[in-house]
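Undergrad: Sharing a structure here in structure tokens format.
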Amino acid sequence: MSSYFFLSHELNDETPTYGNKNKFKSKISSSTLNGGSSSSQFWQIHNHTGTHIDFPSHFIENGFTISNYSADFWVFNRIQLININADPGKLIGVSDLKDHVDYDVEIILIKTGFQKYRNENIYWQNNPGILPEVGSWLKKNILRSEQ
């Protein structure tokens, strides 16, 4: 039996952004209600709007961008969701994960519950994070790619 998780929120004028700047904006550009042949919107969106992935290029000069990944890179069959309630500023480490992860998974999603602060400044000012050594530990001990 498959399970599906919706990983984002609907975009609207209240969607939080980093620093609460560069807010999402939408404008109706045509509407069937006004006699248009279709309904369309113009969107202005910053890459730090809502749920998103920071690619290596965000932190590393000449790092990979979305164009460096094929579509099948984003398809996973062995997925694990781990709930770790994270207080503001919590840095999730190996010790937080090691007793909860299943071995031989392709991807681990961590649900922190921090979305409860979604409409407060703390959401972008003091959000939880993951310590760098977690990635190395996962790569070495947990995440297995298809051979």
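Undergrad: What's the magnitude of the charge dipole for region 76-147 around its Cα centre, counting Lys and Arg as +1 and Asp and Glu as -1 at the beta-carbon? Answer in Debye, nearest 20. Before the final figure, lay out the partial values.
TA: Values: 9 positive and 9 negative charges, 21 e Å.
Magnitude of the dipole: close to 100 debye.
Undergrad: Sticking with this structure for a sec: Put a dot 7 Å past each Cα toward the Cβ at Phe6 and Leu109; how far apart are the dots in nm?
TA: 1.2
Undergrad: As a test, work out the antiparallel percent of DSSP beta bridges whose residues both lie in the chain, rounded to the nearest 5.
TA: Working: 6 of 13 bridges.
Approximately 45 percent, going by the DSSP bridge assignments.
Undergrad: Please list, ordered by chain and number, the residues whose modelled amide H lies under 5 Å from the amide H of Lys111; skip anything fewer than 5 residues away on the same chain.
TA: Counting only residues 5 or more places away or on other chains, the set is Ile82, Asn83, Ile84.
Undergrad: Please identify, among Gly36, Gly113, Gly93, the residue showing maximal mean-square fluctuation in a Gaussian network model of the chain using a 10 angstrom Cα cutoff.
TA: Gly36
Undergrad: Pop out the ³J(HN,Hα) list for region 114-130 in order, Karplus 6.51 cos²θ - 1.76 cosθ + 1.60 with θ = phi - 60°, rounded to Hz; leave Gly and Pro as x.
TA: Along region 114-130, the couplings run 5, 4, 4, 9, 3, 9, 10, 4, 4, 4, 9, 7, 9, 6, x, x, 10 Hz.
Undergrad: Debye calculation, C-alpha points only, no solvent: report log10 I(q)/I(0) for the chain at q = 0.11, 0.18, 0.19 Å⁻¹, in the same order as the q values.
TA: -0.59, -1.33, -1.41
Undergrad: Measuring from a point 7 Å past the Cα of Tyr18 along Cα-to-C-beta, which residues in region 96-125 have an amide N at less than 12 Å?
TA: Backbone N within reach: 124-125.
Undergrad: With a cut-off of 8 Å between alpha carbons and a minimum separation of six or more residues, what is the relative contact order of region 1-131 in percent? Provide the component values of the computation, followed by the final result.
TA: Numbers: 164 pairs, mean separation 28.5, N = 131.
Answer for region 1-131 is 22 percent.
Undergrad: What does the charge count near Asn126 come to, summing +1 for each Lys or Arg and -1 for each Asp or Glu among other residues with Cβ under 12 Å from its Cβ?
TA: Taking every Cβ under 12 Å from that of Asn126, the sum is -1.
Undergrad: Further question on the same structure: Output ³J(HN,Hα) for region 98-108: one whole-Hz value per residue in order, computed from phi by the Karplus curve 6.51 cos²θ - 1.76 cosθ + 1.60 with θ = phi - 60°, and x for Gly and Pro.
TA: Taking θ as phi minus 60°, the curve returns 4, 8, 10, 8, 8, 7, 6, 10, 8, 8, 10 Hz for region 98-108.
Undergrad: Just Glu14, Glu61, Glu120 to compare: in a GNM of the chain, with alpha carbon springs under 10 Å, which one fluctuates most?
TA: So, out of Glu14, Glu61, Glu120, the one fluctuating most is Glu61.
Undergrad: Which one of Thr17, Phe73, Ile53 is farthest out on the positive end of the charge dipole of the chain, using unit charges on Cβ (Lys, Arg +1; Asp, Glu -1) and the Cα centre as origin?
TA: Positive-most Cα among the choices belongs to Thr17.
Undergrad: Give me the number: length gained by fully extending Ser57 to Phe76, i.e. 0.36 nm times residue separation minus the C-alpha to C-alpha distance, one decimal in nm. Can you show the working numbers first?
TA: Numbers: separation 19, 0.36 × 19 = 6.84 nm, distance 2.29 nm.
Gain on extension, Ser57 to Phe76, equals 4.6 nm.
Read the figures in this text as sums done on the coordinates, not as results from a lab. Keep in mind the model is a prediction, meaning the values are calculated, not measured. Neighbour counts run over all protein chains shown; Cβ positions are idealised from the backbone, glycine included.
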